[in-house]
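The values are calculated or read from the model by the stated rules, or taken from the named source; none is laboratory data. These numbers come from a predicted model, not from an experiment. Note: ideal-geometry Cβ built from the backbone for every residue, glycine included; neighbour counts use all protein chains shown. These accessible areas exclude ligands, DNA and RNA; they are computed on the full protein's heavy atoms, side chains included. Shrake-Rupley method; radii C 1.70, N 1.55, O 1.52, S 1.80 Å.
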Amino acid sequence: MIIFEPRTHTSDRGTIEVRARVESRVPPKDGSRELVFEYPLQCSDWITPRADAFVAALVIRAMNVGEDIEVRAPLSARLARGLEEYQRVLASWFPHRLTRVEIGAPIEPAPVRPGRAVLTAFSGGVDSFYTLRAHAAEQEHDPRARITHALFVHGFDLPLGLTAAAYDVTSARYAEMLGRLGIELVAGRTNVQSFVPRRDWGLFHGSSLLATTLAIGDGVRRFYVPATHTHDHLVPYGSDPRIDPLLSTEAMEVVHDGADATRVQKTAAIGDWPPTFGLLRVCPSSYGPATLNCCRCEKCARTMMTLDLLGLLDRQTSFPHQLLRSSIRACKYRNRSDLPWPRQIFAAAVERRRWDMAFDLTMALGRSVPAFVRRTLTYRWLRLRALVPGLRPRPASYLP
């Protein structure tokens with residue numbers, strides 16, 4: 001894989017784009033030849049000329065296809081060292097899918113400039129609102145750790161294409177809300193999902209998110225990544241407190257934040273916080289500009305269950321439909337990454353004597369057992385095959 005020197009230019013939309021040509025022996029099926037990151041024009045001074053973002057975005061893809069990376073632009077010295085450990089950890093977690101690759105690039109330290117921003121990833125979900133509240137001015141007493149900007153990226157949970165109107169409307173709502181907190185919204189855009197599979201987003205989303213920040217890393221001194229799992233329920237995943245900080249540079253520190261609190265605790269912390277009212281967005285299926293949540297999918301159901309247990313569901317008007325018991329029973333929990341959330345909600349339901357919800361969750365978990373067992377056995381079989389050279393599966397069988 002060859003990553004060419006990044007180039008920047010002002011788009012017709014009045015934004016600043018940074019793009020680099022990528023050549024790979026396994027090219028994207030949609031024909032994309034350039035990886036692109038786009039930001040508001042006021043972020044022009046933040047963009048780094050280095051290839052940090054492009055290497056971070058593509059390293060797991062390269063590990064999957066077994067393809068060394070040649071970089072035609074400088075790479076942060078700290079990031080280069082971190083990528084070595086990053087690959088070692090991921091290859092140990094997914095030996096049946098990922099192998100370490102060589103990264104050849106000119107090395108230079110990232111310059112440290114004064115007056116840089118403290119940025120957080122923001123999607124409007126429980127995790128990102130929790131990090132926002134914990135480090136906004138009213139809660140964070142250390143001015144060096146206080147959030148000044150929030151990054152909301154089009155091309156992650158809101159895919160590119162038909163959802164442009166939904167992104168614009170949602171972005172405007174969040175910009176207004178954040179402005180009242182003294183925080184500036186950074187509206188980003190990327191086509192990274194052309195290069196990595198959306199259906200395996202759990203593995204690829206962490207490095208993709210960090211890449212979107214590394215592209216403007218010369219203007220950011222700290223970047224908060226809201227945690228998905230707690231420290232006592234960590235599973236191999238694309239964003240994790242053990243690997244996210246490895247993608248820091250000399251100028252930008254990556255902080256994996258919020259792994260000390262469960263999802264129920266986070267929901268309790270932000271559920272009655274006025275900035276979330278009408279703006280809490282957890283749904284991966286609702287792409288319309290008018291409705292933030294479908295109220296029927298597993299993510300909506302689990303969030304609505306928690307809010308209902310806490311007596312806060314009526315305040316969250318971004319869930320316009322009633323919580324149905326049939327939606328709870330229809331939830332599927334197919335892997336270890338999914339299990340902590342229903343267990344936490346079940347414990348809270350039993351504590352509050354909500355036997356109806358506890359029963360419905362038990363039904364959902366019971367119905368999930370066959371799929372969970374199949375996936376677990378498949379995963380263990382693939383890991384076993386990876387230990388036997390003659391049985392090791394060939395890489396890159398599922399990339400787009």
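Figures for the structure shown
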read-out	value
Any hit, the stretch 67-74, residues being in contact (Cβ under 8 Å) with a residue 12 or more places away in the chain, open to solvent by less than 10 Å² (accessible area, probe 1.4 Å) and under 23 Å from residue 151 (Cβ atoms)	yes
Filtered residue count, the stretch 312-355, keeping only those that are part of a helix (DSSP H, G or I), open to solvent by 30 Å² or more (accessible area, probe 1.4 Å) and farther than 25 Å from residue 278 by Cα	7
Answer from 150, 166, 175 - the residue that is open to solvent by less than 40 Å² (accessible area, probe 1.4 Å) and under 19 Å from residue 135 (Cβ atoms)	150
Some residue of the stretch 257-277 being part of a strand (DSSP E or B) and at pLDDT 95 or above	yes
Breaking point among (1) charged (D, E, K, R); (2) in a helix (DSSP H, G or I); (3) in contact (Cβ under 8 Å) with a residue 40 or more places away in the chain, for residue 299	(3)
Residue within the stretch 183-195 that is of a type outside the set (A, V, I, L, M, F, W, C), open to solvent by 10 Å² or more (accessible area, probe 1.4 Å) and over 30 Å from residue 23 (Cβ atoms) present	yes
Residues of the stretch 123-140 classified as under 21 Å from residue 302 (Cα atoms) and free of Cβ contacts under 8 Å to residues at least 40 places away in the same chain, total	0
Matching option when the condition is touching a residue at least 12 places away in the same chain (Cβ under 8 Å) and crowded, with 20+ Cβ neighbours inside 10 Å, among 99, 120	120
Qualifying position, being closer than 30 Å to residue 64 by Cβ, open to solvent by 10 Å² or more (accessible area, probe 1.4 Å) and in contact (Cβ under 8 Å) with a residue 24 or more places away in the chain, among 236, 275, 241	236
Unique residue being among the β-branched types (Val, Ile, Thr), more than 20 Å from the chain's Cα centre (by Cα) and on the phi < 0 side of the Ramachandran plot when the list is 249, 291, 276	291
The stretch 126-147, residues that are within 23 Å of residue 115 (Cα to Cα), open to solvent by 40 Å² or more (accessible area, probe 1.4 Å) and assigned to a helix (DSSP H, G or I)	133, 143, 144
Single residue of the stretch 30-53 satisfying the filter (among the aliphatic types (A, V, I, L, M) and buried (at least 22 other Cβ atoms within 10 Å of the Cβ)) that is nearest to residue 186 (Cα to Cα)	53
Hits in the stretch 153-163 - residues which are among the aliphatic types (A, V, I, L, M), surrounded by 17 or more Cβ atoms within 10 Å (Cβ to Cβ) and touching a residue at least 60 places away in the same chain (Cβ under 8 Å)	158
Unique match (being touching a Cys at 6+ places or on another chain (Cβ under 7 Å) and either under 24 Å from residue 58 (Cβ atoms) or part of a helix (DSSP H, G or I) (or both)) among 169, 186, 153, 196	186
